[in-house]
Amino acid sequence: DWPHNWPTFISDIVGSSKTSESLCENNMKVLQLLSEEVFDYSKDSMTTAKTKVMKESLNEEFSQVFQLCEFILQASTRTSLV
């Protein structure tokens, strides 16, 4: 359960995304689902405290996700990623 039991989740996802484009595509979908869960659907399925912790954690690590997006835009040859 991120972020408590897997504090390196975002950095692990970002790091592994740079190893192959198919893995990167899957990881981007995971990040999209995580973002939706935290920012869109959390009010119906999580406590306020858990939602707050997850939002703060995702915001703290957003620069890594942004850098991954820049990397994809510069290096990817897959149109599905761009």
In region 37-82, which residues are modelled with pLDDT of 90 or more and acidic (D, E)? E56, E60, E61, E70
Scanning region 56-82 for residues that are of a type in the set (S, T, Y), in contact (Cβ under 8 Å) with a residue 12 or more places away in the chain and not in a helix (DSSP H, G or I), which turns out most open to solvent (accessible area, probe 1.4 Å)? T77
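Rundown of residues vs (1) open to solvent by 40 Å² or more (accessible area, probe 1.4 Å); (2) more than 27 Å from V82 (Cβ to Cβ); (3) part of a helix (DSSP H, G or I); (4) touching a Ser or Thr at 6+ places or on another chain (Cβ under 9 Å), yes/no style:
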position	(1), (2), (3), (4)
D1	yes, yes, no, no
I13	no, no, yes, no
S22	yes, no, yes, no
E25	no, no, yes, yes
L33	yes, no, yes, no
V38	no, no, yes, yes
D44	yes, yes, yes, no
T51	no, yes, yes, yes
M54	no, yes, yes, yes
Of all the residues that make up region 8-55, how many are over 12 Å from the mean Cα position of the chain (by Cα) and in contact (Cβ under 8 Å) with a residue 24 or more places away in the chain? 3
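The values are calculated or read from the model by the stated rules, or taken from the named source; none is laboratory data. None of these values were measured; they are calculated from a predicted model. Cβ: placed from backbone, ideal geometry, glycine included. Neighbour counts: every protein chain shown. To get the accessible areas, we keep the full protein, side chains included, count just its heavy atoms, and leave off ligands, DNA and RNA. Shrake-Rupley method; radii C 1.70, N 1.55, O 1.52, S 1.80 Å.
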